[in-house]
Amino acid sequence: MKKPSFIKRVWIRYKESFQKNRKKTILKTAGLMVTATLLITLVFAFAGSKTYSETAAYRETMVTYGSLTVGVEASGTVDIGTTDQTFDLDLSALVRNTTSSSSTASSSGSGGGMGNMGGGGDMFSQMVSLINGSSSSSSASSANDLVVEEVAVTEGQQIHVGDVLYTLTTDSVDTISAQLTTDVSNAEGDLDSVLASQQTGLLQADQTYESSIAYGSYAATEYNATVESLQADVDDVQEEIDELTEEITKTKEKLEEIQAEYEIVTETYNAFLWSRDHTDKSQDVLSYSMYESGLSSAKTMKEAYEDTMEQYEDTIEEDEEKLEELTTKLAQAKRKLESGTLDAKKTYELRNLAYSTAQETLDVAVSSLELDTAEQEATLEDAKEKLEEFTQAIQNYTIVSEYDGIITDIALEAGDSVDTGETLITLYDQADITMTVSVSSSDVANLSEGGKANITYTAFPDLVYTGIITEIGDATTDSSGNITYSVTVSLDADNEGLDQLYQGMTGEVTFITKEQEDVLYVSNRAILRSGNRSYVKIKDAEGNITTKEVTTGFSDGVNVEIIEGLSEGDVVLIESKVSES
């Protein structure tokens, strides 16, 4: 240890003397000060005789703009997470075994002429037929393997994005590439087929539209004609019934007249019969003969009336049977009128609907056909994208790194197949660097998750990394009974120099409890103070050292805030004494 200078020894003796005698009178203290003054004078005289001197040395430092912080400090080691690079190309979905051409739009079903409209009511089935007339190509997936020919990296190797990890066999790459190229060719053929079908479908859609318009224009006329025809059938039967009923009535009236006359003839007959039977032929031959003759005439007339009545009764019976048939026919005609009217109304409404929605139906059909084309175009584009995706993923028969980092594990060997989702390599994840430190219970009260922290490492003392508190663990008690908390800090991903950190590297974490952001600051050692004044030493344009007064503020113990007097980038001097004799 270097021996104190003579002046410093004198000053120490003075301080010790003052402390031992501080309760004595002021006069005695003044005497000591005089003595000390004399001693100092002697010292300077002695020093002059020894040619003792001190010179100042200066180191430049710059005024910086940034943040000043103070906080809780703790030590710990780096823990670096890992990340896996996987093979994300789904070859089973990427490559198709077969490609079937799109079926052409059906040329039947919607017809084109008005006769095929089925009365206009089949418009909807025709529209469905148009919509379902064409379909995009279908495909079946298959397993297609890429095979590793050579592993190009080793564990512990530092790699960068684009570095080759594996070389693949030429045959396995070429086979899949050829299949993808064929898929593009097939999709182009499918699109040509769909475009051809679209032309037929558009023609059918136009014909359906024209038919709907044509049928809709005379729907009311058709409805009225159908109802009138059915009503005429009912009216005709009713007219027959009315005529037959009238005829039966007349026949019955005539029968009643004949029956009345028949009664008279019967009475006459009975009168002649009675008179004949009560006349003695032997006594009154003339009367008896007259009664006999009258009875014979009355009988003939009576039989004639009976024949006539029987004919009328037969006629009435026949007409009533016919009337019953006509009544049944009338009921049938009325039912037919009712159901026919409903059918005609339904047809009328369908035709009107087809008429009113003809444009919309046409638009839907056209849109469907255009959708088929768009889907097939998308299929073609998809096939091209898959080929491009494969080409980008497998360049020059290799798989390359997607990350920067140090390899910790290699998953594949030569001869292995590369499967979708399989891990290729594992690397340290420079975006997942943490430090876990122990913090006392008194200090942890000032911390919270999400709080900021600064980290410095022994290997890089001039670099300050930033991070946040991501976890504060439960309290633990050590063997001495001290309560501490495990606090984990995650380093910010945008820190520079993360690739310089290694697993287990030691460092110091400062949990920020107070921070002054966006300020000018300079090293505390550059600040000189005299009373209430603060100043720094700078060099003027001629290189001479001068002083400049400054106003200081918050300090983190190493640097101090400059409120006034300096600007960012100014160079100030840190003075140190160098003794010479």
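The values are calculated or read from the model by the stated rules, or taken from the named source; none is laboratory data. These figures come from a predicted structure and were not determined experimentally. For neighbour counting, all protein chains shown are included, and Cβ atoms are generated from backbone atoms with ideal geometry for every residue, glycine included. The area values use the complete protein model at the heavy-atom level, side chains included, leaving out ligands, DNA and RNA. Shrake-Rupley method; radii C 1.70, N 1.55, O 1.52, S 1.80 Å.
Per-structure values
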item: First in the stretch 381-395 and in contact (Cβ under 8 Å) with a residue 12 or more places away in the chain, second anywhere and charged (D, E, K, R), Cβ under 6 Å, 6 or more apart; result: A383/D183
item: T208 being open to solvent by less than 50 Å² (accessible area, probe 1.4 Å) and within 30 Å of E310 (Cβ to Cβ); result: no
item: Filtered residue count, the stretch 347-377, keeping only those that are without any contact (Cβ under 8 Å) to a residue 24 or more places away in the chain and among the small types (G, A, S); result: 2
item: Residue, nearest to the chain's Cα centre (by Cα), within the stretch 552-581, restricted to residues that are open to solvent by 80 Å² or more (accessible area, probe 1.4 Å) and over 23 Å from V70 (Cα atoms); result: K577
item: Scan of the stretch 552-581 for residues that are in a loop (DSSP other than H, G, I, E, B) and among the aliphatic types (A, V, I, L, M), ordered by number; result: V558, L566
item: Count - residues of the stretch 541-551 that are open to solvent by 40 Å² or more (accessible area, probe 1.4 Å) and assigned to a strand (DSSP E or B); result: 6
item: Flag if I264 is part of a helix (DSSP H, G or I) and open to solvent by 90 Å² or more (accessible area, probe 1.4 Å); result: yes
item: Selected residue [open to solvent by 50 Å² or more (accessible area, probe 1.4 Å), over 21 Å from E385 (Cβ atoms), modelled with pLDDT of 90 or more and not aromatic (F, W, Y)] from T182, T170; result: T170
item: Wholly enclosed strands (runs of 3 or more DSSP E) of the stretch 422-504 bearing at least 3 residues in contact (Cβ under 8 Å) with a residue 24 or more places away in the chain and of a type in the set (S, T, Y); result: 423-440, 460-477, 483-491
item: Residue match in the stretch 521-540 (condition: in contact (Cβ under 8 Å) with a residue 60 or more places away in the chain, part of a loop (DSSP other than H, G, I, E, B) and farther than 28 Å from S490 by Cα); result: no
item: The stretch 231-261, residues that are more than 22 Å from L330 (Cα to Cα), open to solvent by less than 70 Å² (accessible area, probe 1.4 Å) and without any contact (Cβ under 8 Å) to a residue 24 or more places away in the chain; result: A260
item: Some residue of the stretch 302-324 being over 60 Å from the mean Cα position of the chain (by Cα), surrounded by 15 or more Cβ atoms within 10 Å (Cβ to Cβ) and not in a helix (DSSP H, G or I); result: no
item: Any chance T513 is of a type in the set (V, I, T), under 30 Å from S442 (Cα atoms) and in a strand (DSSP E or B); result: yes
item: Criterion: surrounded by fewer than 17 Cβ atoms within 10 Å (Cβ to Cβ) and either in contact with a helix residue (DSSP H, G or I) (Cβ under 6 Å, 6 or more places away or on another chain) or under 20 Å from D556 (Cα atoms) (or both) - qualifying residue of T466, T470; result: T466
item: Residues of the stretch 398-457 that turn out to be basic (K, R) and at positive phi, as a count; result: 0
item: Output for the stretch 238-291, where each listed residue is of a type in the set (S, T, Y) and either touching a Ser or Thr at 6+ places or on another chain (Cβ under 7 Å) or at positive phi (or both); result: T251, T279, S287, Y288, Y291
item: The stretch 213-227: number of residues that are among the polar types (S, T, N, Q) and free of Cβ contacts under 8 Å to residues at least 40 places away in the same chain; result: 2
item: Hits in the stretch 409-421 (condition: in a loop (DSSP other than H, G, I, E, B) and in contact (Cβ under 8 Å) with a residue 40 or more places away in the chain); result: L412, E413, A414, G415, D416, D419, T420, G421
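Here's the yes/no breakdown for (1) open to solvent by less than 50 Å² (accessible area, probe 1.4 Å); (2) of a type in the set (A, V, I, L, M):
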| residue | (1), (2) |
| --- | --- |
| D404 | no, no |
| T408 | yes, no |
| E413 | no, no |
| T426 | yes, no |
| V437 | yes, yes |
